[in-house]
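These notes are about the structure you will find just below.
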Amino acid sequence: PGRIRKELLKECKGLSPGDRVVVVGNSNQPQLVLGPKPNGKAVKDNKAFMDFFSKFIYTPIPDYASVKSLYEGVVLKYGARLHHDFDISTLSHISAGYTPGAIQNVVRIILTPRRISRLQEKPLQVSEFIAHLAKYEPVHDEELEGLAAWTAQLPNHITEGGG
């Protein structure tokens, strides 16, 4: 977000509500936008950038039930089904702290067309998922705490009517 801050503000300055343009910003490290600047411009730039967005949506790391549902849905999306003996509960607990993107990538890597064709004779095993999940870094508590602190200092742009 910090790389595009100045350019985004400049490009969007000419937009008016009648232009019917929606600008959506997305970042896994939004707190970096508000980093200190040696030239003292940080406060001015940060305020302009934060005022630019009228709404902020925090999407947390999924909980156990969401991870379980995510695995089931993504496996189905790739044309497979989990065997009734598959230990989705253990896999969901092991996957705590991983992003939905990491989980989806793991499923995509495992469910190749060849692997899907062999599911009848060799059902999916939790160990297959763990081996690939280990290649990804989970979101650590310190990162979540930093993000929560950043979220707490966001300006309140939402009115009582929700708009």
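Since every read-out is calculated from the coordinates, none of them should be taken as a lab result. Please read these numbers as outputs of a predicted model, since none were measured by experiment. Here the Cβ positions follow ideal geometry from the backbone for every residue, glycine too, while neighbour counts run over all protein chains shown.
Some values worked out for this structure:
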| quantity | calculated |
| --- | --- |
| Residue pairs, from the table Lys68/Lys122; Lys77/Lys122; Lys55/Lys135, whose Cα atoms sit over 31 Å apart | Lys55/Lys135 |
| Sites matching GluC sites (Glu not before Pro) across region 47-134 that sit in DSSP coil, with at most 13 neighbouring C-beta atoms within 10 Å | Glu121 |
| Counting all C-alpha pairs of region 64-133, share separated by more than 20 Å (%) | 17 |
| Ser89 paired with Arg115, simple spin-label distance in nm, labels 7 Å along Cα-to-beta-carbon | 2.4 |
